[in-house]
Number of protein chains: 4
Amino acid sequence: MGWTCRLAGSCSLEGGRAEQLMVLIGSGAAAQVITSQGTHGSYLTMQLGSALGAVFGIFVSRGVSGAQLNVVWSMSLWILGRQPWRKVPLYALSHLLGAFLGAATVYLQYYDAIQVFSGGHLSVAGPNATAGIFCSYPADHLSVWGGIVDQVVATALLLICCLAVEDRRQGLLPDGLAPVLVGALILTIGLSMGSNCGFPLNPARDLGPRLFTFIAGWGEEVFKAGGGWWWVPIVAPFVGGLLGTLIYELLIEVHHPHTPQSPGQESEAVELEEFKSRISHLLEKL
Amino acid sequence: MGWTCRLAGSCSLEGGRAEQLMVLIGSGAAAQVITSQGTHGSYLTMQLGSALGAVFGIFVSRGVSGAQLNVVWSMSLWILGRQPWRKVPLYALSHLLGAFLGAATVYLQYYDAIQVFSGGHLSVAGPNATAGIFCSYPADHLSVWGGIVDQVVATALLLICCLAVEDRRQGLLPDGLAPVLVGALILTIGLSMGSNCGFPLNPARDLGPRLFTFIAGWGEEVFKAGGGWWWVPIVAPFVGGLLGTLIYELLIEVHHPHTPQSPGQESEAVELEEFKSRISHLLEKL
Amino acid sequence: MGWTCRLAGSCSLEGGRAEQLMVLIGSGAAAQVITSQGTHGSYLTMQLGSALGAVFGIFVSRGVSGAQLNVVWSMSLWILGRQPWRKVPLYALSHLLGAFLGAATVYLQYYDAIQVFSGGHLSVAGPNATAGIFCSYPADHLSVWGGIVDQVVATALLLICCLAVEDRRQGLLPDGLAPVLVGALILTIGLSMGSNCGFPLNPARDLGPRLFTFIAGWGEEVFKAGGGWWWVPIVAPFVGGLLGTLIYELLIEVHHPHTPQSPGQESEAVELEEFKSRISHLLEKL
Amino acid sequence: MGWTCRLAGSCSLEGGRAEQLMVLIGSGAAAQVITSQGTHGSYLTMQLGSALGAVFGIFVSRGVSGAQLNVVWSMSLWILGRQPWRKVPLYALSHLLGAFLGAATVYLQYYDAIQVFSGGHLSVAGPNATAGIFCSYPADHLSVWGGIVDQVVATALLLICCLAVEDRRQGLLPDGLAPVLVGALILTIGLSMGSNCGFPLNPARDLGPRLFTFIAGWGEEVFKAGGGWWWVPIVAPFVGGLLGTLIYELLIEVHHPHTPQSPGQESEAVELEEFKSRISHLLEKL
């Protein structure tokens, strides 16, 4: 028990460090484009930064924590019965801390650039706004409901594709390809679902840097902006993650031609049985 | 028989869901660039979106349906004797439904953005046109014959390269690389054959979203635009797919140094025999 | 003997078809950017097109001809004693034909676009020039000697890196990775050595489309332009290819820690012996 | 002993040649964008050039020197006890020479372009500055302390991620993937930490080309510019590399679930023991 706890703690600490690295790279890419006013990058380079941040976050932590960099993913693994529920809040806390520290490192590295670009005034909106470097804010056109729909759809897509990439029944990938595919997935979502509110997808990764900017000088505007936007990227990803997990589990994984336990056993009855057992397993969790 | 039917139905249903995901990502990338007026992407990011949509569509469905996301590919596999003809219309219907639902999901996710960008007027042409998010329209310079040639060439290229990537005689790829290569192929066609009419390549993927826009408020202009363009991306890809399959089969696969059945049997006579048998096999299908 | 000849002919025919595909994709990407005046692509998408054209050209032909898509590479394999010299002119002719047909296919596919963009006047220079879609022309700043140096350096780099990627002593790559790396190499050269004269690198791939444009209406200006530039991309790549092969062979491959034939035999004397034998082998060819 | 010395010399010579190739590609990509005034590339293509230069530098040398292209990496391998300290200065000298020759090759290849762009006046600052092609200079907004922080953070990130990619405990990558990942890492740092001072990261790669430009006509301004910037990219990467090695070693690698020597031996005591032994090992080196 003591050992399990320590291991869980150590794993989630790992997750925190990986989260810090992910934020350092992802927010760094945004800082570079924003403070250089587009001379040192473009929208595409920012998305590539987010994607590559996830790739190397996974590479740094895959041996230890199995690369859980998003608490929505941790929740999904719990729903699917692949890890105990205790790990979920541990990861959440550790990600929050890691994301906070990552934001602090970006501010340290871009201190001169942010000071010059913003004229020393750290603001959330306007032409010299710099808060968008660290966490998500909605575009002007977006309603709160639109933001919720956007995040539910995007996180559901994230979970469906991650589960498909991880699914050994779909064929075993060469070691090292999965992290790259997850990065490609983040890029995908950034390129196709990024203009509404910057695809936060990850509650702790959004809240941690928001807390940092709140403390570091951007003030309470980080919570007030966008009509009190801050809670949407915390709540909606869980809804989307749950939806994505259910869609994958009920509509895709169940239909797989599964390896029969004994020859001849392969029949419609067996498949139906498995379908029922999966549904009842999922219902228990909800 | 009952089992086979159910399995075929389930597989094509899978294909439909993968199609929905592919349209959600691909059209989402277009929606992002168009409604943000290029601030959140570029022509390249749209093509990357289409390519990555195909990659993850394949990853989600490869375990079940063998990742048939284009009815032209299904037709080609039938011509080559790798699946019964009954599967082709099943896939066509399921893709049509999936593409329709994918377009609906994009509209849901970009509802606010499309309303603001278009000023509430859903139009097919003009500076605030939004129909191009969902399906293909020809460029001003393109004649109908030019469009047919473009689609025949592009789909033939698609089939030749897909058959080459899948061809085990050309060497076995690591599991997971083939979907990435198909994505790279979609990107290739988007970058080198996309400016004439947006490389539809896929009848159901073009018609499904067109039907959605017809119903959702863009009206009958979606069928009238481009001099009644809508039928070209349905018919021409089949012609191109047939052409590409024949080219690959007759000019490339036949020339492979094939493994001889018994030592010494390797002779010109054997190769000629195989060439004849392949041709007669293909002629039966036509 | 008859069989060998036929096989060689068939292989080089394959190479020709792969060359056609490579030109179709590469020149298509240029046609798209030029005729759309940059709205459907950028310098980067053109280079990606060239790179991806090479990737799929290799995938289509790797099973048959071992993917020889550049006669400079064929020459290098002959110098290294890996194929008879007879194959080199066969490949050259077949590549020339393939590149000619590839250019014709691009012209067919972009006929409408080229007519509208050029106002029906097919020209080599000026704001509506379209000859650059098909083959290389030097930038205004480039002297003939500068062009020769550029092509010698670029082709030497191409050969050194291709030999390194193919070199089994450097470790065996997963099947399918090598073609992708060759594509990445073409992209690399396009991004770092493309602004002087468009990195032709490949004599037949440059001359074939030049002959096509000569016949198809651009006229003798295709040979006169750039101070009679046309011969540079034919001659210089052979010089660069020879240089690259020698550099790799003498300075890199020889230094590899080679597997000793018998234990204890591994000594400086053996290494010196191998070095001498390689040099004398190379001198024979020159 | 004599053999070891020769081998070490040969390896570091290899490293030098790989370094030359890396600079040739990386600085070539910068030369192309700068002298074409952005018509033949963008900020992204420059970063891709740097990344691909590293990839092919590694492919060319991986069989011989194990691809040590940065003396900071050589230092880190020594700290971790994976190579003797004698190799570090050998690599440093050989990299310096290689980077110098790489810069010379770029100047040769872009001689015409640089002459025309700069009007024949080789300058370090101003609108026609060309010194930035070859080595790093700080942005106007950057203080010396900011530059040190930037380079310490960036090199620490480089080392952490390289150690993670190389770490066999984290799972064995397919041969050939590691060089591509290192390239992706260089791209990552270029996109997220490149706007402050162009991410030198590599003392010899920065100093070698600086010495070349000093001699070739840019004069002593290359050492005076940026308030005597030149020593920062030499000193700071060593600090960052040391920091990154320590972070990886103490905070990540130690926590790996290691293979127990005998069943049952796996206990907290064993882990603590390993942690202590690693720390004392590291302290010895410092």
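The values are calculated or read from the model by the stated rules, or taken from the named source; none is laboratory data. This one's a predicted model, so the numbers in the text were calculated from it and none came from an experiment. Every residue, glycine as well, gets a Cβ built from its backbone with ideal geometry; the counts of neighbours run over all protein chains shown.
Couple of notes before you dig in:
Listed here are the residues, each with its yes/no results for (1) over 24 Å from A:Ala30 (Cβ atoms); (2) buried (at least 17 other Cβ atoms within 10 Å of the Cβ); (3) within 19 Å of the chain's Cα centre (by Cα).
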site	(1), (2), (3)
D:Cys161	no, yes, yes
D:Ala164	no, yes, yes
D:Arg169	yes, no, no
D:Ala184	no, yes, yes
D:Gly190	no, yes, yes
D:Gly194	no, yes, yes
D:Cys197	no, yes, yes
D:Pro209	yes, yes, yes
D:Leu242	yes, yes, yes
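- Hits in region D:98-134 - residues which are under 19 Å from the mean Cα position of the chain (by Cα) and within 19 Å of C:Leu191 (Cβ to Cβ): D:Gly102, D:Ala103, D:Val106, D:Gly132, D:Ile133, D:Phe134
- The lone exception for C:Ala216 - which of (1) surrounded by fewer than 17 Cβ atoms within 10 Å (Cβ to Cβ); (2) within 14 Å of chain D (Cβ to nearest Cβ); (3) part of a helix (DSSP H, G or I) it fails: (2)
- Residue that is surrounded by the most Cβ atoms within 10 Å (Cβ to Cβ), among those in region C:144-156 that are touching a Gly at 6+ places or on another chain (Cβ under 7 Å) and closer than 18 Å to D:Gly102 by Cα: C:Thr155
- Every residue from region B:95-139 that is within 14 Å of chain A (Cβ to nearest Cβ), small (Gly, Ala, Ser) and on the phi < 0 side of the Ramachandran plot: B:Gly98, B:Gly102, B:Ala103, B:Ala104, B:Ala113, B:Ser118
- Matching residues in region B:65-82 - criterion: being within 11 Å of chain A (Cβ to nearest Cβ) and buried (at least 24 other Cβ atoms within 10 Å of the Cβ): B:Ser65
Residue by residue, here is whether (1) farther than 21 Å from C:Val165 by Cβ; (2) over 19 Å from the mean Cα position of the chain (by Cα); (3) at pLDDT 85 or above; (4) more than 8 Å from every other protein chain (Cβ to nearest Cβ) holds:
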position: D:Gly9; (1), (2), (3), (4): yes, yes, no, yes
position: D:Gly26; (1), (2), (3), (4): no, no, yes, no
position: D:Ala29; (1), (2), (3), (4): no, no, yes, no
position: D:Thr39; (1), (2), (3), (4): yes, yes, yes, no
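- Helices (runs of 4 or more DSSP H) wholly inside region D:95-206 that include at least 3 residues being modelled with pLDDT of 95 or more and of a type in the set (Gly, Ala, Ser): D:144-166, D:177-192
- Subset tally (residues that are at the interface with chain B (Cβ under 7 Å from one of its Cβ atoms), hydroxyl-bearing (Ser, Thr, Tyr) and more than 16 Å from B:Thr45 (Cβ to Cβ)) for region A:140-196: 1
- You will find that of A:Ala29, A:Ala51, the residue that is within 16 Å of D:Gln47 (Cβ to Cβ), in contact (Cβ under 8 Å) with a residue 40 or more places away in the chain, in the same structural domain as A:Thr213 (by TED's automatic domain parsing) and buried (at least 24 other Cβ atoms within 10 Å of the Cβ) is A:Ala51 and no other.
- Selection from region B:54-94 of residues that are farther than 13 Å from B:Gly241 by Cβ, assigned to a helix (DSSP H, G or I) and either free of Cβ contacts under 8 Å to residues at least 24 places away in the same chain or not assigned by TED's automatic domain parsing to the domain that holds B:Leu181 (or both): B:Pro89
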